[in-house]
Structure formats: structure tokens, C-alpha cells
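Novice: Take this structure, written in C-alpha cells, and hold onto it; I'll ask about it next.
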């Protein structure tokens, strides 16, 4: 779920339906994260994104407008995409899914700039929840058991970090972010490199859902392979 710069706007004319099942949706279906709202012809899964599955139901939507509006909507079927496009769409974002990855990074890194240091996620770093990372885990012990993460520090402060946003049955969702004042120094690359090394040692499969070309390019540079892109809709009520 790389977050190193602005979101990318969807500009394609073709379908933005997501044909892959993301790790977050799999975890939601199993009751680990978010909530599921079922109706006869489909289901709406509400997590970080709202996944629209099956066929739309006008009466259900009218009874639960909060599931559709003020949500980042991902259409998992052409029927839902057709329904969403008929609404008042405020904006559409593009994201790109990478193939799940279980290996060390293939990227050659330059040394960290002077004054910066790399560290695994210690208890102190975890409890600080840099850039909101780690908040989906109940405590540090759970994160150690099923997650992974690495951070770059400057003057004792975390200025870049890559960690698992979510863990599910040996799979983790990667989240990466760098403080605006410390970007363009290769810090995020070091965090991703170390996180992938840790995940490889723990035999975790890593998932990466890129929100812009920079995030996608970083993923590819470390060995990931793009699979598909999809649209994220935001509706005006």
C-alpha cells in the first residue's frame, strides 16, 4: 500500500474492475478485518476500501447509503462498475496490483546518507506507530509473531518506514512511507529492502498495491511484477 507521493488519477477509458482478490479483501471475508454486509445477490466488504461484489441492489444501497458514499469504492464486478458510473462521481483514482512476492530484494542500494541509520521495528518504534503503521496489530508481540518492518532514523526520529499493514496466514500487505522533508534520498528503498529480507527469512508472501507510478516503479525495482490496475471511485451524495 505504498504512500510515498500523491495518488494517481484514473485516465483509462476501459474497465476499472478489479479482477484479482486483494489480501485485505481475503482477510475481510474471513472476518479478520472490516465488516461484511450481505444481501441476496452480492456483498459489500468495508475495510480500508469498500469492495463491491456481486450485483448491485438499489433498495439495499438506499437503506445503507453510508456504505457507498464517503468511501473508496472498488468494483469487483462489471455490474457494480456500471452502477457506480451512473452516480455522481467526484473523482477516480488508479492503483496497480503487484504479483505476490516471497524473496529478497533484487535492487542494488547506495549507502544511506550521513546521519541516517536503519533499524528493524523495535518495541519503541512499533509503539510510536510511525505514519500510522502497525496500528492493525493489537500489540508488539503480535506484530513480532506475524508481521515485519524496518525504519530509517534521523536524530532518533523515524523518517521513513516500511512495515506490514496486515498479516493473514503467512501473507502480509506492505505499507511504505517517507517524511516529506526526507524524500529523494533512497530511504524508502532501504526500508523495503530490509523488510523483504525479514519476510523472506520468515517465509512470508508480500503483497504490494501501488497507488502511483512512483510506488509501482519502486516495487518493480525490488523484484515485484505488475499484474493489473484498477479504479477506485469516490461518489458525491
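Novice: How far apart, in nm, are the 7 Å Cα→Cβ label points at residue 63 and residue 237?
Specialist: Modelled inter-label distance: 1.9 nm.
Novice: Sort 203-212, 119-128 by the packing proxy (mean of other Cβ within 10 Å over each peptide's residues), most packed first.
Specialist: Values: 203-212: 21.5, 119-128: 16.8.
Packing order, densest peptide first, comes out as 203-212, 119-128.
Novice: I would also like to ask the following. Output the antiparallel fraction of DSSP beta bridges having both residues in the range 154-237, as a percent to the nearest 5. Walk me through the numbers before you get to the answer.
Specialist: Numbers: 9 of 12 bridges.
Close to 75 percent.
Novice: Right, here's the next one. How much of the pair distance distribution for the range 190-230 lies past 14 Å, counting alpha-carbon pairs only, in percent?
Specialist: Details: 402 of 820 pairs.
Of all Cα-Cα distances in the range 190-230, 49 percent exceed 14 Å.
Novice: Label the range 169-237 by shape, choosing from rounded, prolate and oblate, from the square roots a ≥ b ≥ c of the eigenvalues of the Cα gyration tensor; if a/c is under 1.5 it is rounded, and otherwise prolate applies when a/b is larger than b/c, oblate when it is not.
Specialist: Working: a/c = 1.92, a/b = 1.24, b/c = 1.54.
Oblate is the answer for the range 169-237, as a/c is 1.5 or above yet b/c matches or exceeds a/b.
Novice: May I pose another question? Please state the shape class of the range 100-237: rounded when a/c is under 1.5, otherwise prolate if a/b exceeds b/c and oblate if not, all from the C-alpha gyration tensor. Intermediate values should be presented prior to the final figure.
Specialist: Values: a/c = 1.25, a/b = 1.15, b/c = 1.09.
It comes out rounded by the Cα gyration axes.
Novice: At a Förster radius of 22 Å, what calculated FRET efficiency corresponds to the Cβ-Cβ distance of residue 20 and residue 214, to the nearest 0.05? All intermediate terms of the calculation are to be shown ahead of the outcome.
Specialist: Details: r = 21 Å, r/R0 = 0.97.
Efficiency at R0 = 22 Å is approximately 0.55.
Novice: In what sequence do 48, 192, 89 fall when counting other Cβ within 10 Å, fewest first?
Specialist: On the way: 48 19, 192 27, 89 14.
Least to most surrounded, the residues fall as 89, 48, 192.
Novice: What angle, in degrees between 0 and 90 and rounded to the nearest 10, separates the Cα long axis of helix 187-201 from the longest principal axis of the Cα atoms of the chain?
Specialist: Between helix and principal axis, roughly 90 degrees.
Novice: Could you check the simple spin-label distance between residue 228 and residue 99, using points 7 Å along Cα→Cβ, in nm with one decimal?
Specialist: About 1.5 nm separates the two model spin labels.
Novice: Subtract the Cα-Cα distance of residue 181 and residue 82 from 0.36 nm times their separation in residues, and report this length gain in nm to one decimal.
Specialist: In short, 31.5 nm is gained.
Novice: Å³ per residue of the Cα convex hull, for the chain? The partial results should precede the final answer.
Specialist: Numbers: hull volume 29.4 nm³, N = 237.
Once divided by residue count, the hull of the chain is 124 Å³.
Novice: Just want to confirm a number: the relative contact order over the range 1-52, from Cα pairs under 8 angstrom separated by 6+ residues, in percent.
Specialist: Taking the mean separation of contacting Cα pairs over the length of the range 1-52, I get 21 percent.
Novice: Can you give the % of DSSP beta bridges in the chain that are antiparallel, to the nearest 5? Spell out each step's value before the answer.
Specialist: Working: 44 of 50 bridges.
Given both bridge residues lie in the chain, the antiparallel proportion sits at roughly 90 percent.
Novice: Sticking with this one: Once every DSSP H run of n ≥ 4 in the chain is given -39500 (n - 2.57) and the sum is divided by its residues, what mean residue ellipticity at 222 nm do you get, rounded to the nearest 500 deg cm²/dmol? Before the final figure, lay out the partial values.
Specialist: Working: 7 runs with 58 residues, N = 237.
Rounded to the nearest 500, the figure is -6500 deg cm²/dmol.
Novice: Quick one: the Cα spread of the range 123-185 along its three principal axes, in angstroms, biggest first?
Specialist: 35, 21, 14 Å, listed from the longest principal axis down.
Novice: Let me check against my output: what whole-number percent is the relative contact order of the chain, with C-alpha pairs under 8 Å and at least 6 apart? The partial results should precede the final answer.
Specialist: Values: 485 pairs, mean separation 74.3, N = 237.
Across the chain, relative contact order equals 31 percent.
Novice: Once R0 is set to 25 Å, what does the formula 1/(1 + (r/R0)^6) return for the Cβ-Cβ distance between residue 201 and residue 135, expressed as a FRET efficiency to the nearest 0.05?
Specialist: Details: r = 24 Å, r/R0 = 0.97.
Working from the Cβ atoms, E equals 0.55.
Bear in mind these aren't lab numbers, they're just calculated from the coordinates by the rules spelled out. On a predicted model such as this, the values are computed, not experimentally measured, just so you know. Cβ: placed from backbone, ideal geometry, glycine included. Neighbour counts: every protein chain shown.
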